[in-house]
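The values are calculated or read from the model by the stated rules, or taken from the named source; none is laboratory data. Worth saying up front: this structure is predicted, and the values here are computed from it rather than measured. Cβ placement follows ideal geometry from the backbone for every residue including glycine, while neighbour counts extend to all protein chains displayed. Keep in mind that these areas ignore ligands, DNA and RNA; they rest on the heavy atoms of the full protein, side chains included. Shrake-Rupley method; radii C 1.70, N 1.55, O 1.52, S 1.80 Å.
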Amino acid sequence: MKKVFLVDDEIVIRENMRTCIDWEREGFVYCGDAPDGELALPLIEKWKPDILITDIRMPFMNGLELAAIVRKMLPNIKIIILSGHDEFEYARQAIRIGVLEYCLKPFSAEDIIRMLKVISARDQAAEDMRPVRTEGGRPLPAAGGPGAVLGDGALDPDILDREGFLAFLKVGSPAQKEEHIRRLAKGLANLDWESSLYGYFLLHDLTLSVFREAKELFGDDIRADDRLPEMKSRISEIRSWDEACEYLARLAGLFWHWQSEAGDRYGALIARVKQFVQDRYGDESLSLNDAARHVNVSPSHLSKVFSQETGKTFIEYLMETRIQKAKELLLSTRSKSYEIAFRVGYQDPHYFSNVFKRMTGMTIREFRKRGAAERTAVRKEG
């Protein structure tokens, strides 16, 4: 019979588990318990249980720290985590450690026995096969199928296509929302939302990714973090795949709202930057940092926004502006090329000549000659 060890800082839970379950009749041996990870370690080393059931939140050493250590001591041990809906970051770590099951508090003796039997039955049925993870007490399909979880805590992308969802946010539209979300999230339909944390973890992890992406693209002005508690609360209320899809639709709508707000705001910001360049293009030292200070944003943010909104970098726009001004001066004045170079922000006339030819396809002499010919032709026509 498989040996079971419990770690929980609530004495009532330990006593109820010890006394309210007929362990021998259920086919297991209850080999001991402890109130925290520190006290549990020597007992686990002594009894070498087959299955460890541990709470996450405990003093001195929490359940995940304990699980990581025990996993190294006893690589084949099976681990069940006792947890709550709001402990998403813990859930992320638990998946990496290789936790097999989550049991949400409050739980019953039947919940525990059901999970223990699922684990035990799986071991007996696939003794020489790669272990199959479970979700909410139900065996998941083999790796590669919907709802699978890969070994070593890696996530199977078939459950929720996070990268696909993020890409859709950037290029998709509300009209395509329902069709694409159901396709990207089809793997979530296999999850048991009533008894497992896994789906909640996946949605929370995706939400954090969307919020990070939004802040990188649209800046801190959107105040994305102010909306995070609301979204976490909505995740905790999900009880079905349809509700999960509705949540993802809401998340997409929020991203597009921020995108629209940023577009309106960035239009004014880009106009100010362009005017700043028009006013200062003759300053050889003019830089992205100067423009960023002028509009009161960080250089990295301005660089990203400027490229995103105009399709060119700040330096490319500055260079285009300088060459355009140089073309105007070459056609309207008799100034020497080196004088024009200085006026448009180039202290090295040779470098100015190279840039001019690269951007116009002509030398300065050729450009002036063509301009003179065009003016002569216009006078003749007049």
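Failed condition for residue 82, given (1) of a type in the set (A, V, I, L, M, F, W, C); (2) farther than 17 Å from residue 109 by Cα; (3) modelled with pLDDT under 90; (4) crowded, with 19+ Cβ neighbours inside 10 Å, with all others met?
(2)
So which residues in the range 288-323 are part of a helix (DSSP H, G or I), open to solvent by less than 60 Å² (accessible area, probe 1.4 Å) and of a type in the set (D, E, K, R)?
Passing the criteria: 290, 322.
Could you look through the range 27-49, keep only residues that are in contact with a Phe, Trp or Tyr (Cβ under 9 Å, 6 or more places away or on another chain) and acidic (Asp, Glu), and pick out the one that is least open to solvent (accessible area, probe 1.4 Å)?
The selected residue is 36.
Determine which single condition residue 200 fails, assuming it passes every other condition in (1) in contact (Cβ under 8 Å) with a residue 60 or more places away in the chain; (2) in contact with a Lys or Arg (Cβ under 9 Å, 6 or more places away or on another chain).
(2)
Does the range 274-287 hold any residues that are open to solvent by less than 40 Å² (accessible area, probe 1.4 Å) and not polar (S, T, N, Q), and which are they? Show your work before the answer.
In the first step, residues of the range 274-287 are kept if they are open to solvent by less than 40 Å² (accessible area, probe 1.4 Å); the result is 276-277, 282, 286-287.
Matches in the range 274-287: 276, 277, 282, 286.
Looking at the range 163-215 only, could you name the residues that are among the hydroxyl-bearing types (Ser, Thr, Tyr) and not in a helix (DSSP H, G or I)?
173, 195, 196
State whether one or more residues within the range 276-291 are of a type in the set (A, V, I, L, M, F, W, C) and out of contact with any Leu (no Cβ under 8 Å at 6 or more places or on another chain).
Looking for residues that are of a type in the set (A, V, I, L, M, F, W, C) and out of contact with any Leu (no Cβ under 8 Å at 6 or more places or on another chain), one finds at least one in the range 276-291, hence yes.
When you go through (1) at pLDDT below 70; (2) surrounded by 18 or more Cβ atoms within 10 Å (Cβ to Cβ) one by one for residue 126, which number turns out not to apply?
With respect to (1) at pLDDT below 70; (2) surrounded by 18 or more Cβ atoms within 10 Å (Cβ to Cβ), residue 126 is out only on (2).
Output yes when any residue across the range 173-193 is β-branched (Val, Ile, Thr), in contact (Cβ under 8 Å) with a residue 12 or more places away in the chain and farther than 27 Å from residue 301 by Cα, and no when none is.
Yes: the range 173-193 contains one or more residues that are β-branched (Val, Ile, Thr), in contact (Cβ under 8 Å) with a residue 12 or more places away in the chain and farther than 27 Å from residue 301 by Cα.
I'd like to know if the range 34-52 contains one or more residues that are hydrophobic (A, V, I, L, M, F, W, C), more than 18 Å from residue 107 (Cα to Cα), part of a strand (DSSP E or B) and more than 41 Å from the chain's Cα centre (by Cα).
No.
Given the options 132, 149, name the one that is out of contact with any Gly (no Cβ under 6 Å at 6 or more places or on another chain), open to solvent by 40 Å² or more (accessible area, probe 1.4 Å) and either of a type in the set (A, V, I, L, M, F, W, C) or modelled with pLDDT of 80 or more (or both). Reasoning before the result, please.
Details: 149 fails: open to solvent by 40 Å² or more (accessible area, probe 1.4 Å).
Of 132, 149, the one residue that is out of contact with any Gly (no Cβ under 6 Å at 6 or more places or on another chain), open to solvent by 40 Å² or more (accessible area, probe 1.4 Å) and either of a type in the set (A, V, I, L, M, F, W, C) or modelled with pLDDT of 80 or more (or both) is 132.
For the range 54-74, name all the residues that are open to solvent by 60 Å² or more (accessible area, probe 1.4 Å) and either of a type in the set (Ser, Thr, Tyr) or in contact with a Gly (Cβ under 7 Å, 6 or more places away or on another chain) (or both).
Across the range 54-74, the qualifying residues are 60, 65.
Among the residues of the range 266-273, is there at least one that is closer than 24 Å to residue 166 by Cβ, modelled with pLDDT under 95 and surrounded by 15 or more Cβ atoms within 10 Å (Cβ to Cβ)?
yes
Out of curiosity, is residue 295 of a type in the set (Val, Ile, Thr) and in contact with a Lys or Arg (Cβ under 9 Å, 6 or more places away or on another chain)?
Yes; evaluated as a whole, the condition is true for this residue.
Among the residues of the range 208-251, which ones are open to solvent by less than 30 Å² (accessible area, probe 1.4 Å) and more than 20 Å from residue 308 (Cα to Cα)?
Listed by number, the residues that qualify are 231, 235, 238, 244, 245, 247, 248, 249, 251.
Note down all Cβ pairs under 6 Å where the first residue falls in the range 215-238 and is within 12 Å of residue 259 (Cα to Cα), the second is surrounded by 15 or more Cβ atoms within 10 Å (Cβ to Cβ) and not basic (Lys, Arg), and they're at least six residues apart or on different chains.
Every condition considered, the pairs that remain are 215/224; 218/258; 218/262; 219/301; 222/258; 224/211; 224/214.
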